[in-house]
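Heads up, the thing below is written out as structure tokens.
The values are calculated or read from the model by the stated rules, or taken from the named source; none is laboratory data. As the structure is a prediction and not an experimental result, all values here were calculated from the model. Neighbour counts run over all protein chains shown; Cβ positions are idealised from the backbone, glycine included.
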Amino acid sequence: MENFRLILLIFLVLCALFVSFSKNLLVSVVIFMSYSLIMSIIWVLLESPDLAITEAAVGAGVTSVLFFITLKRIGAIGKEHPDEQDETTKEINSRPAVKQFGKFYKGAAVTLGAAIIFALLLMVSNLPAFGDADNPYNNEVSERYLEKSIEETGAVNAVTGMILDYRAFDTFGESCVLFIAAACVLILLRDDKTDTTAKAIQDEKFEPVSDTILQTSAKILFPAILMFGIYILVNGHLSPGGGFSGGAIMGAGLILHVNAFGYKKTQRFFNEKTYKRVTVCALSFYCIAKSYSFFTGANHLESHIPLGNAGDIISSGLILPLNICVGLVVACTMYAFYTLFKKGGM
Amino acid sequence: MGNMTNAYETLAVVLICCIAVLIVACLIRSVLGPRVTDRIVAVNSIGTMTIVIIAILSVLLEEAYLLDVCLIYAMISFVAVIVLTKIYTGVYREEEKEESQKEEK
Amino acid sequence: MEMFRFMIAAIFMFCGVFCMASAVFGMFRFRYVLNRMHTAATADTFGLLLTMIGLIIWKGFGFEALKMIIIVGFFWVSGPVSSHLIARMEVSTNKKLEEECEVKKYGEL
Amino acid sequence: MGSNLLVNYESVTAVILFGIGFTNLLLQKNLIKKIIGLNIMDTAVYLLLATQGYIEGRMAPIIVNGNTDPSLYINPVPSGLVLTGIVVSVSVSALMLALTIRLYKRYHTLNLDEILRHIQKEGH
């Protein structure tokens, strides 16, 4: 098992080096996609399946798609050498003083990086050995979580119980981070043309050419992906997964639907209005569910919703609805990222 | 089943190491590949091999929910291939349109 | 009985991994991308199927085996579609297609 | 110089990846490369965090048929921490990419030095 871990870790370092040394942008993005694929195997090896699922759905899936579209919008896909320098920079760079400083700067940056790596390696060598039971982090805090998580939160999955019940405000803050990111991207990338003719031409341009093979397979796969996203979302407190990865899978399903059937068909059931309504309702429900005690003045630790017995789906009190809210917010945000990057409008 | 566990374990570890070596070979293929399509094909097969590794690991570590990770990977690599091919052909078509307009002028 | 079952599972999984190894070897051996894609597609569909059958035999029929069958089913639907999309992208964007492979116009088929 | 350097591979790789990401951030002129460098640093920090929670020979923190004896499971606290981090780093990189698109629309270049020079020229 050790040499398997070693091969994967060497693969990671190789990927990072190839990404930083490759000239073409598309090459580095494609290699970065395989980097996060392998990262997910390492989370599986470190016995934390929650991270593996979230990294797979959110990290590998959505980030690479966003990188691809940015490259398209920047036009770096067509040209071979996207970062050509215009004449002023060439002239400036050719001056001897600047060239000399450039060499010095490169040397200083590499030595600084090497110094950081060396200092941290010193730190790593004094860390407790990998995976031994009596390292200081394995103290009574984690034991408390593990022992009490079923009685207090009812969630079989201790990590989800921790995230959505002990630390519910932190996850609420995180969903707000996603909401704010989507709002900022909306402000930045939305090209709302006032006159409708230009908008019509614009929509026409982005309507994907209808491809029967993709459409027939999307008819089979789109419901399967949505069903699987809902499955991951709903038993987030039983098996690993939960709001974030379930939502990201549903977002990926919506992206598949837009690519296969085009914007007009998707707008029938998911346009800008529904996006705003769904995210705002989900976040406000989450906020009310977890902060009504501010107004009622009681300390808010126990919610009066029965926890149910630990195994089945409708158990663990408030975690299931919160999971669904977080999943909806994540799904709408991922889809909004895709459409705003690609077309500038829902 | 008891006495066979170490036999199964060695089998699984040997297989995973071979596939890991194949993944590194695929990475080299994706770096060398002259055209963009080589890179997409290589990363696509890296995705499939990741799925096989995670499936073997899920049976080896006796944790059933790791198979969800495999299914997610199948979906994600499918959606990513669709998006990338649509974008690349879109960029190419726009370039051709610009060239044809330039010729008309 | 256990040894017999172990042997069958081992054979299936080794065939699966051999299929993947041949696909990766094919990807290095061929020069043009359409041939490479042909070998890579076999790894996707066939190698995955054999390894999954080996795992099902090892694990015995149950909830995990059902999930594995779903994975193989999903891959057998989405694999050819993604290969089709990649091949169409390659054909439509490669100007110098004639040098690589012999292209027949629609009329002459 | 402790003795554990060669034992915990993951922490060593995390540190090396952090160094690579950091030098990437310093040396690359292209904005997209800087964002990829930042993502590499993100995953390196999460790898270091999650490795500390791992305990050899224990199961994932999902309580199996009710026995909550903590010596059966690994430490759930770091994986809870990192789960939030992965999602936040996705939204941060989405925001950065959006800003890069707007910068490219305005200055038609991704080279950070040129962008800064344009800004100085316009006297912002």
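Results, tabulated for the structure shown:
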item: Any hit, segment A:130-143, residues being free of Cβ contacts under 8 Å to residues at least 60 places away in the same chain and closer than 27 Å to D:LEU26 by Cα; result: no
item: Any hit, segment A:36-49, residues being on the phi < 0 side of the Ramachandran plot, assigned to a helix (DSSP H, G or I) and at pLDDT below 85; result: no
item: Which numbered condition A:ILE42 misses (of (1) in contact (Cβ under 8 Å) with a residue 40 or more places away in the chain; (2) within 9 Å of chain D (Cβ to nearest Cβ)); result: (1)
item: Any hit, segment A:242-252, residues being touching a Cys at 6+ places or on another chain (Cβ under 8 Å), part of a helix (DSSP H, G or I), buried (at least 24 other Cβ atoms within 10 Å of the Cβ) and modelled with pLDDT under 90; result: yes
item: Unique match (being out of contact with any helix residue (DSSP H, G or I) (no Cβ under 7 Å at 6 or more places or on another chain), modelled with pLDDT of 80 or more, in a helix (DSSP H, G or I) and surrounded by fewer than 18 Cβ atoms within 10 Å (Cβ to Cβ)) among A:ILE187, A:ILE220; result: A:ILE187
item: Inter-residue pairs, beta-carbon under 9 Å, first touching a residue at least 60 places away in the same chain (Cβ under 8 Å) and of a type in the set (A, V, I, L, M) and in segment A:326-346, second outside any helix (DSSP H, G or I) and surrounded by 24 or more Cβ atoms within 10 Å (Cβ to Cβ), 6+ apart; result: A:VAL326/A:GLY242
item: Considering residues of segment B:38-63 that are of a type in the set (S, T, N, Q) and farther than 12 Å from C:ALA40 by Cα only, the residue farthest from the other protein chains (Cβ to nearest Cβ); result: B:SER58
item: Condition met for C:LEU49 (more than 10 Å from every other protein chain (Cβ to nearest Cβ), assigned to a helix (DSSP H, G or I) and either on the phi < 0 side of the Ramachandran plot or touching a helix residue (DSSP H, G or I) at 6+ places or on another chain (Cβ under 8 Å) (or both)); result: yes
item: Any pair with Cβ under 7 angstrom, 6 or more apart, that starts in segment B:76-100 at a residue that is under 30 Å from A:GLY247 (Cβ atoms) and facing another protein chain (nearest Cβ under 7 Å) and ends at one that is of a type in the set (Phe, Trp, Tyr) and part of a helix (DSSP H, G or I); result: B:VAL83/A:PHE68; B:LEU84/A:PHE68; B:ILE87/A:PHE68
item: Which numbered condition C:GLU100 misses (of (1) within 27 Å of B:ASP68 (Cβ to Cβ); (2) surrounded by fewer than 21 Cβ atoms within 10 Å (Cβ to Cβ)); result: (1)
item: Identity of the residue in segment A:23-39, more than 20 Å from B:ILE54 (Cβ to Cβ) and more than 7 Å from every other protein chain (Cβ to nearest Cβ), that ends up surrounded by the most Cβ atoms within 10 Å (Cβ to Cβ); result: A:VAL29
item: Given (1) without any contact (Cβ under 8 Å) to a residue 12 or more places away in the chain; (2) farther than 24 Å from D:ILE63 by Cβ, index of the condition B:ILE53 fails; result: (1)
item: Some residue of segment A:53-71 being part of a loop (DSSP other than H, G, I, E, B), in contact (Cβ under 8 Å) with a residue 12 or more places away in the chain and on the phi < 0 side of the Ramachandran plot; result: no
item: Set C:VAL91, C:VAL17, C:VAL24, C:VAL33: member being surrounded by 21 or more Cβ atoms within 10 Å (Cβ to Cβ) and closer than 26 Å to B:GLU96 by Cα; result: C:VAL33
item: Inter-residue pairs, beta-carbon under 7 Å, first part of a helix (DSSP H, G or I) and in segment A:284-312, second at pLDDT 70 or above and of a type outside the set (A, V, I, L, M, F, W, C), 6+ apart; result: A:TYR286/A:SER175; A:ALA289/A:PRO321
item: Qualifying positions in segment D:15-56 - under 16 Å from A:LEU17 (Cβ atoms) and under 10 Å from the mean Cα position of the chain (by Cα); result: D:LEU17, D:PHE18, D:GLY21, D:ILE36, D:GLY37, D:ASN39, D:ILE40, D:MET41, D:THR43, D:ALA44
item: Any hit, segment A:94-108, residues being buried (at least 20 other Cβ atoms within 10 Å of the Cβ) and at the interface with chain D (Cβ under 9 Å from one of its Cβ atoms); result: no
item: Residue count for segment A:223-241, restricted to those that are closer than 28 Å to C:LEU85 by Cα, aliphatic (A, V, I, L, M) and surrounded by 22 or more Cβ atoms within 10 Å (Cβ to Cβ); result: 1
item: Neighbours by Cβ (under 6 Å, 6+ apart or cross-chain): first from segment A:184-198, under 19 Å from A:PHE341 (Cα atoms); second at pLDDT below 85; result: A:LEU189/A:GLY344; A:ARG190/A:GLY344; A:ASP191/A:GLY344; A:LYS193/A:LYS199
item: Residues of segment D:67-105 that turn out to be under 27 Å from A:GLY131 (Cβ atoms) and among the aromatic types (Phe, Trp, Tyr), as a count; result: 1
item: Members of segment D:50-78 that are in contact with a Gly (Cβ under 6 Å, 6 or more places away or on another chain) and either small (Gly, Ala, Ser) or more than 18 Å from A:SER40 (Cβ to Cβ) (or both); result: D:ILE55, D:GLU56, D:ASN75
item: Near pairs, Cβ below 9 angstrom, 6+ apart or cross-chain, from segment B:1-30 (in contact (Cβ under 8 Å) with a residue 60 or more places away in the chain) to any residue that is surrounded by fewer than 16 Cβ atoms within 10 Å (Cβ to Cβ); result: none
item: Condition met for B:SER77 (in contact with a helix residue (DSSP H, G or I) (Cβ under 7 Å, 6 or more places away or on another chain), more than 16 Å from C:PRO80 (Cα to Cα) and of a type in the set (S, T, N, Q)); result: no
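Let's see how each residue does on (1) farther than 20 Å from B:LEU66 by Cβ; (2) free of Cβ contacts under 8 Å to residues at least 12 places away in the same chain; (3) in contact with a His (Cβ under 9 Å, 6 or more places away or on another chain):
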site	(1), (2), (3)
C:MET20	no, no, no
C:ALA23	yes, no, no
C:LEU48	no, no, no
C:ILE56	no, no, no
C:GLY73	no, yes, no
